[in-house]
Each structure stands twice: as structure tokens, then as C-alpha cells.
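This report concerns only the one structure given below.
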Amino acid sequence: MVLCCNQLEKCIAWEKSIMKVFCQVCLKGDNEALLLLCDGCEKGVHSYCCKPKLSGIPDGDWYCHMCVQNAAGDRCSVCSASSTTGRMIQCGHCTRQYHMRCLDPPMSRPPKDLWCCPICKKQLESSRVSAEQLKLDVDDLIQQANARPAKRSRGGGMAACRALLRDLEKQSESWPFLTPVVKKQVPSYYQIIKNPMDFQTVRNKMKGNQYPSREAFAADIRLIFANCRTFNEDDSEVGKSGIALGQYFEKQWQDINR
């Protein structure tokens with residue numbers, strides 16, 4: 001019985017239970033009741049983002065247009081008709097193909113340069129905006145840190161930060177943030193999170209005297225919890241851990257700076 005339980009636990013993809021599912025078309029994670037999960041690739045698509053729109057949740061197994069297209073061969077990602085019914089072009093960033101007449105607006109001639117389909121274009125724009133906003137937030141924290149007198153980690157100023165990091169690592173909610181996210185386990189994480197951070201990386205930076213001030217250390221700790229809010233649902237196990245540990249950090253940080 002014990003061997004069977006151990007084998008069952010190894011077969012469960014635990015990382016997928018904490019992962020925030022985004023619609024592959026609109027890139028939003030809202031309206032979860034209408035978010036369909038493909039039985040082939042396990043990616044999400046809102047029922048109203050499907051073409052044609054679905055009026056309800058389909059019974060039985062459901063497959064997204066990409067899995068259907070891969071199984072059927074060369075078919076339009078909009079109308080699902082084959083390439084024999086009209087001239088098609090393929091996205092230069094994915095395997096999707098489109099009839100030129102099915103695009104909005106329709107194309108009269110194929111583009112000369114590398115072409116990006118509407119879905120990839122949305123994904124690229126969303127990733128760029130999220131990365132730029134996150135970079136602005138972190139840069140603002142670091143700029144505030146550099147405005148104050150620098151305290152090297154060899155000095156007494158960073159001793160409190162080292163103690164606080166040890167304290168954070170001992171908390172029961174710290175388990176998702178101890179080490180970097182493994183890309184093979186959660187492949188979409190680094191597509192969404194462009195500035196990853198974790199306690200192990202913070203510790204290595206402290207050992208290398210890479211923090212010019214305590215505020216720069218705090219900026220990296222806050223980045224951990226900002227990434228958690230971006231990628232995970234608030235009511236998921238990891239989301240709850242990030243919120244609780246983030247609040248604990250802010251309280252301890254206030255005590256240090258009194």
C-alpha cells in the first residue's frame with residue numbers, strides 16, 4: 001500500500017495545481033467558469049474566445065484549435081478548413097496557419113517579411129508591457145535605495161537583512177520561494193515572469209556583496225512576492241503563501257527600520 005501511494009504521488013503533476021491558467025487567446029485568467037482546459041495540451045481558452053464561440057461547456061473531452069490543427073494537418077486557425085479551400089499563410093512565431101481571407105482585416109497578398117499571427121502578437125505585446133511595468137517598479141525601488149547612503153554587506157547594516165532572510169526561510173509558507181522555479185516543471189513561468197527572484201538567489205547575492213544597501217535587498221524580496229501575485233491565483237496554495245509571507249516580511253521590515 002505504501003509503495004502504491006508513493007508511486008501515485010510521483011505521478012501527480014503537483015506544479016500544475018498551483019499554476020495560474022491564462023486564456024491562450026485573450027491572455028487573461030478571469031472568468032474561470034468559462035475557461036476551458038484542453039485535454040491535449042492542458043492550456044486554457046475561454047469559451048467566448050473560441051471561434052466559433054461556444055455557448056456552453058462541451059461534454060466529454062475537448063481539444064483546442066492548436067491540438068485539432070496539429071492532428072488534422074494544414075488547417076486554418078479561424079475557420080478550421082483545409083489549405084485547399086484558399087491561400088494560407090503561417091505565423092513566423094508558432095505553427096498556426098490562416099486563410100488570408102479569414103484575417104481581420106483580410107490580406108490581399110502574403111507579407112514579404114516574417115509575419116506574426118494575431119494571437120502571438122497579443123502575447124508579445126502583453127509580455128512586453130508586463131516586463132516593462134515590472135522593471136519600472138523594481139527600478140523605482142532600487143533608485144530609492146541608491147538615494148540613501150550605501151551600506152556594504154560586510155557592515156552591520158546588512159546583518160539584520162541576513163537574519164531576516166534566515167527568518168523568512170524558516171517560515172512554513174516559504175517553500176515555494178526557497179529556490180528558482182524549475183522551467184521543465186512549469187514551462188510557462190518564464191514566459192510570464194521576466195524578472196524571476198527567490199531566496200536562494202538573494203542569499204547568493206548577499207554572499208557576493210552585491211547589495212549596495214538594505215533597501216536593494218528589500219527590493220528583491222518584494223520582487224519575489226510581486227512575481228507570485230502575477231503568476232498565481234490569490235486563493236491558490238502558493239498565492240496564499242505569498243500573501244502571508246509578504247505581509248510577515250513587511251512587518252519585520254518595519255521593525256528593523258524603526
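Identify, from the list LYS20, LYS10, LYS16, the residue that is closer than 29 Å to PRO180 by Cβ, open to solvent by less than 60 Å² (accessible area, probe 1.4 Å) and either at pLDDT below 70 or in contact with a Pro (Cβ under 7 Å, 6 or more places away or on another chain) (or both). Steps first, answer last, please.
Numbers: LYS10 fails: open to solvent by less than 60 Å² (accessible area, probe 1.4 Å); LYS16 fails: open to solvent by less than 60 Å² (accessible area, probe 1.4 Å).
None of the others qualify; the one that does is LYS20.
Is it true that some residue in region 24-44 is within 20 Å of ALA81 (Cα to Cα), out of contact with any helix residue (DSSP H, G or I) (no Cβ under 9 Å at 6 or more places or on another chain) and modelled with pLDDT under 75?
no
For residues that are at positive phi and in contact (Cβ under 8 Å) with a residue 60 or more places away in the chain, tally how many sit in region 207-258.
Going through region 207-258 one residue at a time, the tally reaches 0.
For region 189-216, which positions are in contact with a Leu (Cβ under 8 Å, 6 or more places away or on another chain), in a helix (DSSP H, G or I) and not aliphatic (A, V, I, L, M)?
If the condition is that a residue be in contact with a Leu (Cβ under 8 Å, 6 or more places away or on another chain), in a helix (DSSP H, G or I) and not aliphatic (A, V, I, L, M), then PHE199, GLN200, ARG203, GLU215 are the ones that fit.
The values are calculated or read from the model by the stated rules, or taken from the named source; none is laboratory data. Predicted, not measured: the structure shown is a model, and the values here were computed from it. Reconstructed Cβ throughout: ideal geometry from the backbone, glycine too, with neighbour counts over all protein chains shown. Keep in mind that these areas ignore ligands, DNA and RNA; they rest on the heavy atoms of the full protein, side chains included. Shrake-Rupley method; radii C 1.70, N 1.55, O 1.52, S 1.80 Å.
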